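Throughout, read-outs are computed from the coordinates displayed, never taken from laboratory work. No experiment lies behind these values; they were computed from the predicted model shown. Heads up, the Cβs are rebuilt from the backbone with ideal geometry, glycines too, and the neighbour counts pull from every protein chain shown.
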Amino acid sequence: MAYRYSNIEYTEMVRILAICNDNDSEACREYSRRFPNSRAPSYATMLGTTQRLRDYGQFQPVSIDRGRPPWRTVHEEEDILQFFEQNPAASTYEAARQFNVSQYYAWNVIHNEGKYPFHLHRVHELSEANKPARVTFCNW
């Protein structure tokens, strides 16, 4: 987990960076000299702090809306489950393409319901109707 500084520490970083004429290496050394008992920030931390203050008017990282939220709706989950009930031989890849979700998400939805995707494989079965043909084959 990344170390979080207090607002006071961020303020001191910005002040020291300004005193050092935006020379980040010198500012890091000066911060370490002035506050020997504090954790010394990297130059990237100092620059990032200054940039956030300029851009957003605050020290703490800003949560930016990056479009669609990562979680899905109950309606989407129900649609995926219904898709697999109607198409038991379908793959998670097919479901992902149809509902515009990741293949992992499609698998996770059905897995959370206690169902597991599988593909039907045809296998040979020995039945009584095949017995004469098997006997003939063995006696040749």
Exercise. Expressed as an acute angle from 0 to 90° and rounded to the nearest 10, what is the orientation of the C-alpha long axis of helix 43-56 relative to the principal long axis of the chain?
Worked result: 90 degrees
For this session: Sum -39500 (n - 2.57) across every DSSP H segment of at least 4 residues in the chain, then divide by the residue count to get the 222 nm mean residue ellipticity, nearest 500.
Result: -16500 deg cm²/dmol
Exercise. Put +1 on the Cβ of each Lys and Arg and -1 on the Cβ of each Asp and Glu in the chain; which of Ala18, Pro36, Thr136 then has its Cα farthest toward the positive end of the dipole?
Worked result: Pro36
Exercise. At Thr136 and Arg15, where each label point lies 7 Å from the Cα along Cα→Cβ, what is the point-to-point distance in nanometres?
Worked result: 10.0 nm
Exercise. Here are some values of Cα extents along the principal axes in Å: [x] 98, 39, 22; [y] 41, 33, 28; [z] 47, 27, 26. Which one was computed from this structure?
Worked result: [x]
Exercise. Helix 74-86: angle to the longest alpha-carbon principal axis of the chain, degrees 0 to 90, nearest 10?
Worked result: 20 degrees
For this session: Could you tell me how many degrees, from 0 to 90 and to the nearest 10, lie between the Cα long axis of helix 24-34 and the main elongation axis, the longest principal axis, of the Cα atoms of the chain?
Result: 70 degrees
Exercise. Who wins for biggest fluctuation among Asn21, Asn130, Asn37 in a Gaussian network model of the chain, springs between alpha carbons below 10 Å?
Worked result: Asn130
